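Here is the structure we will look at, set down as C-alpha cells.
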Amino acid sequence: MKQQAVKKVVRVVTLGLLLALALPSLALAQDDSEAEAADQLSLITDSVEDGFEVALTLARKGVTSTQPDKDVLFALRPNYSHDPALLTAASQVAAIHFQTVAAANDYWRDAEVDSDDELSLLTDSPEEGFEVALTLARRGVTSTQPDKDVLFALRPNYSHDPELLMAASQVAAIHFQTVARANDNWAE
C-alpha cells in the first residue's frame, strides 16, 4: 500500500516538475525571431542572476520538449502552481541546471558585484554561503509561482509535511553544493 502511494507521489512530482517550469515561459508569446534567439542558448552569462535565468530556461525547455502542446501545458498549470510538492520539484530541476551554468561561468569568480543587492556566489563563510543557497532555492519556487499570497497560503501544507520539508531541504543542499564549489569549500 505504501509503495503504491510512493509511486503515485513520484509520478505526480515528475509530471509537476515537467510542467512547473514550462508554463511560465509560455505565458509570454514570442515572435519567430525571439524564438530563434532563444534556441541559440548560451551558458555563459555576466552575472549570477543571468545564470539563474538560463537555468530556468533550460528547465522550461526540458518540459516543452516533453510536452510541446501549449494547450495541454496551460490546462495543467492550475494543478502544479498550487501544489507545494510540484513547486519544490520544479525548484530542484532549476537548481540542478544552475550547477551546470555556474560551473560553465567558473562560478562568476571574476565578476564584479556592483551593489549589495546583486547576488554573488562568493562568500566569506559557509554560513553566508548557506544563506545564498536559501535565496536561490526560494527564487526557484517564486519563479514558478510568483503570487506571494498563494505561496503563503501553501505554507501550512508543506511546513507540516516531513516529505515536503526534506524535498525543500534537498533543493537548498543542491544550491549549497554550488556555492561551496564557488568558494573552494572555504579551504584556507
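Could you check V150 against (1) over 22 Å from K61 (Cβ atoms); (2) free of Cβ contacts under 8 Å to residues at least 24 places away in the same chain and say which number it fails?
(2)
For region 129-145, enumerate the residues that are free of Cβ contacts under 8 Å to residues at least 40 places away in the same chain and of a type outside the set (K, R). So that I can check it myself, show each step before the final result.
Taking region 129-145 and keeping what is free of Cβ contacts under 8 Å to residues at least 40 places away in the same chain, we get 131, 135, 138, 142.
Of everything in region 129-145, those that are free of Cβ contacts under 8 Å to residues at least 40 places away in the same chain and of a type outside the set (K, R) turn out to be E131, T135, T142.
Hey, could you check region 140-150 for residues that are assigned to a helix (DSSP H, G or I) and crowded, with 18+ Cβ neighbours inside 10 Å and say which is nearest to the chain's Cα centre (by Cα)? Break it down stepwise before answering.
Keep residues of region 140-150 that are assigned to a helix (DSSP H, G or I), which gives 140-144, 148-150.
Now restrict to residues that are crowded, with 18+ Cβ neighbours inside 10 Å: 140-141, 143-144.
Values: G140: 3, V141: 6, S143: 7, T144: 8 Å.
Selected residue: G140.
Out of the residues in region 106-133 that are within 20 Å of the chain's Cα centre (by Cα) and among the hydroxyl-bearing types (S, T, Y), state the one that is surrounded by the most Cβ atoms within 10 Å (Cβ to Cβ).
Going through the qualifying residues, I end up with Y107.
Take the residues in region 151-188 that are among the charged types (D, E, K, R) and in a helix (DSSP H, G or I); name whichever of them is farthest from S120 (Cα to Cα). Working first, answer last.
Kept after step one, since they are among the charged types (D, E, K, R), are these residues of region 151-188: 155, 161, 163, 181, 184, 188.
Next, from what is left, pick out any that are in a helix (DSSP H, G or I): 155, 163, 181, 184.
Numbers: R155: 28, E163: 30, R181: 13, D184: 14 Å.
Among those that are among the charged types (D, E, K, R) and in a helix (DSSP H, G or I), it is E163.
Among (1) loosely packed, with under 15 Cβ neighbours inside 10 Å; (2) modelled with pLDDT of 90 or more; (3) more than 25 Å from A167 (Cβ to Cβ), which single condition is A103 missing?
In the conditions (1) loosely packed, with under 15 Cβ neighbours inside 10 Å; (2) modelled with pLDDT of 90 or more; (3) more than 25 Å from A167 (Cβ to Cβ), A103 misses (3) alone.
Looking only at region 67-86, decide whether some residue is under 15 Å from the mean Cα position of the chain (by Cα), closer than 23 Å to A180 by Cβ and buried (at least 16 other Cβ atoms within 10 Å of the Cβ).
Within region 67-86 (the criterion being under 15 Å from the mean Cα position of the chain (by Cα), closer than 23 Å to A180 by Cβ and buried (at least 16 other Cβ atoms within 10 Å of the Cβ)), the answer is no, since none of the residues qualifies.
The values are calculated or read from the model by the stated rules, or taken from the named source; none is laboratory data. What you are looking at is a predicted structure, and each value in this text was computed from that prediction instead of being measured. Note that we place each Cβ from the backbone using ideal geometry, even for glycine, and neighbour counts take in every protein chain shown.
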